[in-house]
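> Below: one structure in structure tokens.
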Amino acid sequence: MNKKIAFITGASAGIGEATAILLAKNGYNLILNGRRANRIKDLQDRLQNEFQTQSHAAIFDIRLKEDVKKAIDEIPDAFKAIDVLVNNAGLASGLSTIDKGSLDDWETMIDTNIKGLLFVSRQVIPGMVERKSGHIVNISSIAGKEVYANGNVYCATKFAVDALNKAMRIELSAYPIRVTGIYPGAVETEFSIVRFHGDEEKAKEIYHGFDSLLAADIADAIYYAVSRPLHVNINEMIVMPTAQPVPGIIHRK
């Protein structure tokens, strides 16, 4: 198996799924992480049928460090030489002022967006260092650059991803391992459904009246970064809908 290998967390939907499709189209074999085994299996079948992509299903919750270690230790030998890690899995939970915030929501965001990213990275990076090759793409958010009302803890977690992205780039560049941060604005995926705890009607209101980004738009940005020549590193890329110049403003039709 001579194709490059990409490991994508949160590949069962949204940006992760779109990235898997685009990388498969461009000749990658894939390690697909998610919690919904049926969605990952459907994606594997699609990628095999459309692109003859070989893939490995890594079904685990990135918040559980022992599960992360076990699953990554058990990756088949043919997939162990990971060329690209896309730390995509992340979420927002709740949208309230900090004085009324849910501690459960806060822990879910911190455990997923910060600790989960670290757990996966800690298991994958040593192999890249040993091979002196690799590219890590961390999916942050415009919320990792600018704080908006009621975003408080979510923004804090994405600011942490921004800091980790910079730290990884400083510490790994000598090997040389490339590190890229992607910072999307409003992308219409399951994101708002999760934020509003399954309330699909409330989630639809977020994307009403303007052309939001699509998951495929962010997949394009990821592929652009990983397809540059080895001497080129895309440090950061902020991608916004035209209708959303900053987090607090959306021009609706």
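The values are calculated or read from the model by the stated rules, or taken from the named source; none is laboratory data. None of the values given here were measured: they were computed from a predicted structure. So basically every Cβ, Gly included, is an ideal-geometry build from the backbone, and we count neighbours across all protein chains shown.
> Starting from residues that are under 19 Å from V187 (Cα atoms) and of a type in the set (S, T, Y), keep the ones in segment 10-47 and report whichever is surrounded by the fewest Cβ atoms within 10 Å (Cβ to Cβ).
Only one residue fits best here, namely S12.
> Residues that are within 28 Å of N150 (Cβ to Cβ), crowded, with 17+ Cβ neighbours inside 10 Å, modelled with pLDDT under 95 and among the hydrophobic types (A, V, I, L, M, F, W, C): does segment 115-136 have at least one?
No, there is no match, as no residue in segment 115-136 is within 28 Å of N150 (Cβ to Cβ), crowded, with 17+ Cβ neighbours inside 10 Å, modelled with pLDDT under 95 and among the hydrophobic types (A, V, I, L, M, F, W, C).
> Looking at segment 189-202, which of the residues that are in contact (Cβ under 8 Å) with a residue 12 or more places away in the chain and out of contact with any Gly (no Cβ under 9 Å at 6 or more places or on another chain) is surrounded by the most Cβ atoms within 10 Å (Cβ to Cβ)?
Once the filter is applied, the top-ranked residue is S192.
Listed here are the residues, each with its yes/no results for (1) closer than 28 Å to G94 by Cβ; (2) part of a helix (DSSP H, G or I); (3) among the hydrophobic types (A, V, I, L, M, F, W, C); (4) in contact with a Phe, Trp or Tyr (Cβ under 6 Å, 6 or more places away or on another chain).
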site	(1), (2), (3), (4)
N150	yes, no, no, no
F159	yes, yes, yes, no
N165	yes, yes, no, no
V194	yes, yes, yes, no
F210	yes, no, yes, no
A221	yes, yes, yes, no
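> Scan segment 96-123 for residues that are touching a strand residue (DSSP E or B) at 6+ places or on another chain (Cβ under 6 Å) and either free of Cβ contacts under 8 Å to residues at least 12 places away in the same chain or part of a loop (DSSP other than H, G, I, E, B) (or both) and report the count.
Matching residues across segment 96-123 total 0.
> Next up: Can you tell me how many residues in segment 228-253 are within 16 Å of V137 (Cα to Cα) and surrounded by 12 or more Cβ atoms within 10 Å (Cβ to Cβ)?
Adding up the residues that qualify gives 8.
> So T242 passes all but one of these: (1) among the β-branched types (V, I, T); (2) free of Cβ contacts under 8 Å to residues at least 12 places away in the same chain; (3) in a loop (DSSP other than H, G, I, E, B); (4) over 29 Å from K4 (Cα atoms). Which condition number does it fail?
Among (1) among the β-branched types (V, I, T); (2) free of Cβ contacts under 8 Å to residues at least 12 places away in the same chain; (3) in a loop (DSSP other than H, G, I, E, B); (4) over 29 Å from K4 (Cα atoms), T242 violates only (2).
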